[in-house]
Amino acid sequence: MVDRSYQCKDVLILAYQSFGVLFGDLSISPLYVFKSTFSGNLSNYQSEDVIFGALSLIFWTLTLLSLFKHVIILLNADDNGEGGIFALYSLLCRHAKFSLLPNHQTADEELSTYHNPRYSYRNPQSLTVKRFAERHKKAKTALLLLVLFGTCLLICVGFLTPAISIRSAIEGVKVRSSELHYGVVLIIACILLVGLFVLQHRGTYRVAFMFAPIVILWSLSIAAIGVYNILKWNPRVYKALSPYYIYTFFRDTRYDGWISIGGVLLCVTGAEAMFADLGQYTAASIRLSFFCIIYPCLVLQYMGQAAFLSKNFAAVSTSFYASIPDSLFWPVLVMATLAAIVASQSVISATFSIVKQCYAIGCFPRVKVVHKSKWFRGQIYIPEINWVLLVLCLAVTVGFRDINHLGNAYGLTYMSAMFVTTWLTALIINFVWGQSLVLALLFALFFGSIEIIFLSSSFIRISKGGWVPLVLSVIFMLIMFVWHYGSRKKYLYDFHNKVPMKQILTLGPSLGIVRVPGIGLIFTALVSGVPATFTRFLTNLPTFYQVAVFVCEKTVLVPYVPQKERYLIGRIGPKSFRMYRCIVRNGYKDVQKNEDDFENDLIMSIAEFIQLEAEGSGTLEGSVDGRMAVVRTSEKFGKRLEISELERNGEASSSMPPTILNSSKSHILQYLQSTYEMESPGSTLRRRVRFKLQPDMNYRDPNVKDELLELVEAKQSGVAYVLGHSHIKAKMNAPCLKRFMIHVAYLFLRKNCRAPAVVLNIPQTCLIEVGMNYYL
């Protein structure tokens, strides 16, 4: 009973918090739905039946697409609690071989977040379709393109939502100040938009507590205004909830009515956010918020506007603000502006998350992802995307003088994204949930047909603003596909040109070179074998560090990888070679930690692997893939080495400082490094630690102690990062299209994105770049 009360309390708290993130966009739709619906020739039909018909369309669209599709059905298609298009794609790739990620391992399937017991049922009827898609690479590519197109549409939502919401809220001023110039409204809207985007880098943790009360107060206010208008103007408006009025609407308006439903679909803009941001809340909390507050408040508001318009049709262009009682006008205007800002903030944050997910699976150029410890979990900031969104947002705000054109673009974008989600959900029903193909087709045909009707109306308005998001979505998708194509070809070149292990073993423990103190981290995309970058380095400079670690950072198609399962450690060659492999597995929503934390985690993981390997593979806890093992699941992890914090002057902060190990660097190099660190603001914040062996640790094999001591000494001597500096070229006999994609498009993206060292936050004094020519 106590547990049940705690669960109810948690659901209520999450339901309250969800208002400020999930429902801002959906709750401000009444600002422009009726205005956009009656913006065309439908304004010539000034009858109560037409008003009631439009209300009936809005009510049933909101009910079918928001309530039934998203709240009741789609919230069940979560990926370990996460939602969105990438969650659907991840589920499909894990239950069928649809993924195009090249470095998949069997050990990845042993992650605790990889399999969900709810989706363990397999339907034999779906095997035929699944095998067909798995055998044909074109089917996999088509699925990826569909997902990328859906994400590009949502990126467009990232700049359309602030533009239409804030501008619609500000335009309410003209209702009371008709002599106010149109340019003044634009200037105010642009100032708010610039301020919104400029402050993104500071995060929302200080003001986020205000978001939920703003949206709740706004929702209750518009509901109260709706009840007021129903009682004052037309209490019979409840009859419009009957679908019969949809029939009379199209019977009376015919073609003009069909064109106008492109404005009706604006009532569900924001419904996709309930599923996309599912990871921050729970399905139960979202359903509670929607059923108890959002849905009834929106229905009452739309009914109130319809009741007002049935008696005041001339005010249809300003129906929302015109229906507000005079004494409440300015407070409601302020609340509308605040609600629009909250809705815009949520959409911008969601856009950052979408871009980060695309980048994680190799479908977006390298960008800087910023996450601060005091921010909320999952909240990130991407500077490049922020400024692109600001420019596009200002462009459409100023460029579309008619806000109805902005509504056309917004509605078409959202409905297209919902159509993509519908077909991905149909695949989930068949492949993941194990339901029959007939049920999946019924879902796709029922909701897809509704969305196609709305899309057909929106496509008529392409020349009136709808072309903007489509063109930009195609451009974004081409950028993503070109980057994915070039990255995949580059990986395949590395894979086919990796050095055979026999060649490495014949060189002996010294590798035929001089081994110097220190640790060399060789970054590679390969999960097996030795990359050609390493041998090219040895060819040009026949020396390397005494400890070599081949590091592969890769993305597994799960939202998050638990920290204790993240590092997969193994050995390359005999123990005397002192060569290790570390595979760092991240989920598509994981945020990378600081570089110094990575160094320390890596050393602790290698030390644990050395000890567990000596104790025997039978004592290893966790999954093992050949000579690779997940070592952080061991109960003794972190107890093999003693770690102490260092002060800025190099002294250990521990009460029992370990023995000072001298660095192998010359005095000149040490002076240059200290000078660089003093001049670089970021390097002074690096966490400095020192390792030493536990004094009371017993070792069965004395060689283990020697190897651990060598590892500690190498860490004290310094860590260097070895990255490949690739020069991409197409083969001479490559087709013209391939040469264009590589020589022009892919190289342009590579030259204008962040360098790998910047993304990994590697100090320049620790970086070694090895030039490589790639002929793709």
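The values are calculated or read from the model by the stated rules, or taken from the named source; none is laboratory data. Just so it is clear, the structure is predicted and the values come from calculations on it, not from any experiment. As a convention, Cβ positions derive from the backbone with ideal geometry for all residues, glycine included, and neighbour counts pool all protein chains shown. Please note that ligands, DNA and RNA were not included when accessible areas were found on the heavy atoms of the full protein model with its side chains. Shrake-Rupley method; radii C 1.70, N 1.55, O 1.52, S 1.80 Å.
When only residues in the stretch 115-142 that are open to solvent by 50 Å² or more (accessible area, probe 1.4 Å) and among the small types (Gly, Ala, Ser) count, which is modelled with the lowest pLDDT?
Ser120
Would you check if Ser605 is open to solvent by less than 30 Å² (accessible area, probe 1.4 Å), at pLDDT 85 or above and among the hydroxyl-bearing types (Ser, Thr, Tyr)?
Spelling it out, Ser605 is indeed open to solvent by less than 30 Å² (accessible area, probe 1.4 Å), at pLDDT 85 or above and among the hydroxyl-bearing types (Ser, Thr, Tyr).
Only one residue in Glu713, Glu707, Glu769 is more than 23 Å from Cys363 (Cα to Cα), of a type in the set (Asp, Glu), in the same structural domain as Gln592 (by the TED database) and assigned to a strand (DSSP E or B). Which one? If you could, list the steps in order and put the result at the bottom.
Details: Glu713 fails: assigned to a strand (DSSP E or B); Glu707 fails: assigned to a strand (DSSP E or B).
Within the list Glu713, Glu707, Glu769, the selection yields Glu769.
Taking the condition of being surrounded by 14 or more Cβ atoms within 10 Å (Cβ to Cβ) and farther than 11 Å from Phe52 by Cβ, how many residues in the stretch 227-250 meet it?
Residues meeting the conditions: 7.
Within the group Phe68, Phe52, Phe59, which residue is over 26 Å from Thr337 (Cβ atoms), assigned by the TED database to the domain that holds Phe447, free of Cβ contacts under 8 Å to residues at least 24 places away in the same chain and aromatic (Phe, Trp, Tyr)?
Unique residue meeting the criteria: Phe68.
For the stretch 712-736, enumerate the residues that are more than 37 Å from the chain's Cα centre (by Cα) and either surrounded by 15 or more Cβ atoms within 10 Å (Cβ to Cβ) or of a type in the set (Lys, Arg) (or both).
The answer is Val712, Glu713, Ala714, Gln716, Ser717.
So Phe598 passes all but one of these: (1) touching a residue at least 60 places away in the same chain (Cβ under 8 Å); (2) within 24 Å of the chain's Cα centre (by Cα); (3) part of a helix (DSSP H, G or I). Which condition number does it fail?
(1)
Scan the stretch 494-526 for residues that are closer than 30 Å to Thr765 by Cβ and of a type in the set (Phe, Trp, Tyr) and report the count.
Summing the residues that are closer than 30 Å to Thr765 by Cβ and of a type in the set (Phe, Trp, Tyr) in the stretch 494-526 gives 1.
For the stretch 385-400, what are the residues that are open to solvent by 60 Å² or more (accessible area, probe 1.4 Å) and polar (S, T, N, Q)?
If the condition is that a residue be open to solvent by 60 Å² or more (accessible area, probe 1.4 Å) and polar (S, T, N, Q), then no residue fits.
Can you name the condition, by its number, that Phe748 falls short on among (1) part of a helix (DSSP H, G or I); (2) open to solvent by less than 80 Å² (accessible area, probe 1.4 Å); (3) within 25 Å of Glu384 (Cβ to Cβ)?
(2)
Tell me, yes or no, whether the stretch 176-184 has at least one residue that is in the same structural domain as Ile294 (by the TED database), surrounded by 22 or more Cβ atoms within 10 Å (Cβ to Cβ) and modelled with pLDDT under 95.
For the stretch 176-184, residues in the same structural domain as Ile294 (by the TED database), surrounded by 22 or more Cβ atoms within 10 Å (Cβ to Cβ) and modelled with pLDDT under 95: absent.
Name the pairs whose Cβ atoms lie under 7 Å apart, with the first residue in the stretch 138-156 and polar (S, T, N, Q), the second assigned to a helix (DSSP H, G or I) and open to solvent by less than 30 Å² (accessible area, probe 1.4 Å), and 6 or more positions between them or separate chains?
From residues that are polar (S, T, N, Q), the pairs are Thr151/Ile85; Thr151/Ile354; Thr151/Cys358.
Can you pull out every residue in the stretch 258-296 that is open to solvent by 10 Å² or more (accessible area, probe 1.4 Å) and closer than 27 Å to Ala224 by Cβ?
If the condition is that a residue be open to solvent by 10 Å² or more (accessible area, probe 1.4 Å) and closer than 27 Å to Ala224 by Cβ, then Ala273, Tyr281, Arg287, Leu288, Phe291, Cys292, Ile293, Tyr295, Pro296 are the ones that fit.
Quick one: which helices (runs of 4 or more DSSP H) lie wholly within the stretch 416-520 and hold at least 3 residues that are of a type in the set (Phe, Trp, Tyr)?
Numbers: elements: 437-460, 467-496, 501-505.
Passing ranges, in order: 437-460, 467-496.
In the list Ala224, Ala163, Ala189, which residue meets the criterion of being in the same structural domain as Asn430 (by the TED database), open to solvent by 20 Å² or more (accessible area, probe 1.4 Å) and among the small types (Gly, Ala, Ser)?
Working: Ala163 fails: open to solvent by 20 Å² or more (accessible area, probe 1.4 Å); Ala189 fails: open to solvent by 20 Å² or more (accessible area, probe 1.4 Å).
Sole residue among the options that is in the same structural domain as Asn430 (by the TED database), open to solvent by 20 Å² or more (accessible area, probe 1.4 Å) and among the small types (Gly, Ala, Ser): Ala224.
Would you check which residues across the stretch 564-588 are under 19 Å from Glu109 (Cβ atoms) and in contact (Cβ under 8 Å) with a residue 60 or more places away in the chain and list them?
Result: Lys564, Glu565, Arg566, Tyr567, Leu568, Ile569, Ile583, Arg585, Asn586, Gly587, Tyr588.
On the basis of being among the basic types (Lys, Arg) and buried (at least 21 other Cβ atoms within 10 Å of the Cβ), does Lys69 make the cut?
Yes: the conditions hold for Lys69.
Please go through the stretch 98-114 and pick out each residue that is small (Gly, Ala, Ser) and open to solvent by 30 Å² or more (accessible area, probe 1.4 Å).
Ser99, Ser112
Could you please find all residues in the stretch 525-556 being crowded, with 23+ Cβ neighbours inside 10 Å and under 22 Å from Ala107 (Cα atoms)?
Correct list: Pro531, Val549, Phe550, Val556.
Which one is most open to solvent (accessible area, probe 1.4 Å) among residues in the stretch 30-50 that are within 11 Å of Ala314 (Cα to Cα) and assigned to a helix (DSSP H, G or I)?
Asn44
Against the conditions (1) without any contact (Cβ under 8 Å) to a residue 24 or more places away in the chain; (2) open to solvent by 10 Å² or more (accessible area, probe 1.4 Å), where does Ala444 fall short? Just the number, please.
Here Ala444 clears every test but (2).
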